[in-house]
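**Q** Mind looking over this structure? Questions follow.
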Amino acid sequence: MRLVLLGPPGAGKGTQAREINQRLAIPHISTGDMFREAIKRGTPLGRQAEVYIKGGRLVPDEVTIGLVQERLVQPDCRNGFLLDGFPRTVAQAEALDSWLSSRGERLDAVIDIEVPRDALLERLTGRRVCRQCGATYHVRYNPPAVPGKCDACGQDLVQRADDTEATVSKRLDVYNEQTAPLVNYYRQRGLLKEIDGSQAIPEVILAIGRALGRDWQ
Ligand code: ADP
Ligand code: AMP
């Protein structure tokens, strides 16, 4: 299946992507993770992206589209993929559509996870991520067994540099201005599956399964 996960920062895309990835065995492609990895390694792409990410702004389309196209031609994407955090602008969505159609392919569904703004603020400022494996936790809603340590690999949990209150607020504004128009874009194309992301984590994955015609009990 070729899927896109849409929704504001903090909606739970990364959290649900890990679940979907296990159930459908398709690669989870997060542009945010790819940029953070590039920043960690100090590559030219990382240096270019860092200034935008720190400011809560979007990395320019041409950089992001090129990065995703390079990833999608990898052999593991032949039978499908799960895009998380891409597309984020209409120009990115159009580039994805035309790239897929040039290969005789199309998206199967766009899963739109919606959560009210107040809850997003709380989720993002309470988010903690493993600096080793990238697993995501929440100090209140999804705490690790040992405070500050990753359940999966035991490494330290850290707060993302862009999860501070000021940057979070900017990112939510950027989402409303530049990414929210994609909801209509995909609705008009008959691809949109709307999911209530304010439910607890296990309920959200069940709702996504139902939207895709699967029973994930
Ligand atoms: P996104 O990838 O959309 O930015 P994340 O998956 O990183 O969002 O989730 C943001 C934060 O909210 C994380 O701390 C995560 O543990 C928490 N979270 C995710 N889904 C839920 C949920 N359904 N209820 C409460 N907290 C959640
Ligand atoms: P995320 O991990 O999805 O929250 O993304 C973190 C940051 O990476 C965003 O705030 C943007 O600065 C950048 N980013 C991720 N995906 C994209 C994209 N598709 N287009 C532009 N910038 C992106």
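The values are calculated or read from the model by the stated rules, or taken from the named source; none is laboratory data. As the structure is a prediction and not an experimental result, all values here were calculated from the model. Neighbour counts run over all protein chains shown; Cβ positions are idealised from the backbone, glycine included. These accessible areas exclude ligands, DNA and RNA; they are computed on the full protein's heavy atoms, side chains included. Shrake-Rupley method; radii C 1.70, N 1.55, O 1.52, S 1.80 Å.
**Q** Quick one: grab the alpha carbon gyration tensor of the range 10-54, order the square roots of its eigenvalues as a ≥ b ≥ c, and give me rounded if a/c is under 1.5, else prolate or oblate depending on whether a/b is larger than b/c.
**A** Judged from the Cα gyration tensor, the range 10-54 comes out prolate (a/c at least 1.5, a/b above b/c).
**Q** State, as an integer percentage, the relative contact order of the range 21-153 based on alpha-carbon contacts under 8 Å between residues 6 or more apart.
**A** 19 percent
**Q** Under 5 Å between amide hydrogens, which residues at least 5 positions from F81 or on another chain qualify, with H placed 1.01 Å from N in the peptide plane?
**A** Here R2, L3 satisfy the definition.
**Q** Here's something else I'd like to know. Could you tell me what percent of the DSSP beta bridges with both partners in the chain are antiparallel, to the nearest 5?
**A** Bridges in the chain are about 30 percent antiparallel.
**Q** Now for a different question. Gain in length, V51 to D33, computed as 0.36 nm per residue apart minus the alpha-carbon separation, to one decimal in nm?
**A** Contour length minus Cα-Cα distance gives 4.9 nm.
**Q** Would you kindly give the portion of the calculated P(r) for the chain that falls above 20 Å, as a percent of all Cα pairs?
**A** The answer is 59 percent, as a whole percent.
**Q** Using only Cα atoms, locate the centre of the range 100-140 and the centre of the range 151-202, then give the distance between them in Å, rounded to an integer.
**A** Centre-to-centre distance over Cα atoms comes out at 5 Å.
**Q** Pop the C-beta distance of Q199 and R23 into the FRET formula with R0 = 22 Å and round what comes out to the nearest 0.05.
**A** 0.80
**Q** Sticking with this one: Leaving ligands, DNA and RNA out of it, report the carbon-plus-sulfur percent of the accessible area of the chain at a 1.4 Å probe.
**A** 47 percent
**Q** Now for a different question. Under 10 Å, Cα contacts only: if you run a Gaussian network model on the chain, which one of D84, D97, D118 comes out with the highest mean-square fluctuation?
**A** Highest fluctuation among the options: D118.
**Q** Now for a separate question. Note the direction-averaged projected area, equal to a quarter of the hull surface, for the Cα convex hull of the range 168-217, in nm².
**A** Over all viewing directions, the range 168-217 projects a mean Cα-hull area of 4.4 nm².
**Q** So for R103, R127, what's the accessible-area order with a 1.4 Å probe, most first?
**A** Descending accessible area places them as R103, R127.
**Q** In addition: Could you work out the helix-only [θ] at 222 nm for the chain, with each DSSP H run of four or more residues adding -39,500 (n - 2.57) and the total divided by the number of residues, to the nearest 500 deg cm²/dmol?
**A** After summing the helix terms and dividing by residue count, I get -13500 deg cm²/dmol.
**Q** For a quick check, take a GNM of the chain with Cα springs below 10 Å and name the residue from S102, S169, S198 with the largest mean-square fluctuation.
**A** S102
**Q** Here's another thing I want to ask about it. Counting other Cβ atoms within 10 Å, which trypsin sites (Lys or Arg not before Pro) in the range 133-188 have at most 10 and lie in a DSSP loop?
**A** When the trypsin sites (Lys or Arg not before Pro) of the range 133-188 are filtered for loop state and at most 10 Cβ neighbours within 10 Å, R140 remain.
**Q** To continue, here is another question. Please say if the range 93-217 is rounded, prolate or oblate, where rounded means a/c under 1.5 for a ≥ b ≥ c the square roots of the C-alpha gyration tensor eigenvalues, and otherwise the choice is prolate for a/b larger than b/c and oblate otherwise?
**A** Because a/c hits 1.5 or more and a/b exceeds b/c, the range 93-217 counts as prolate.
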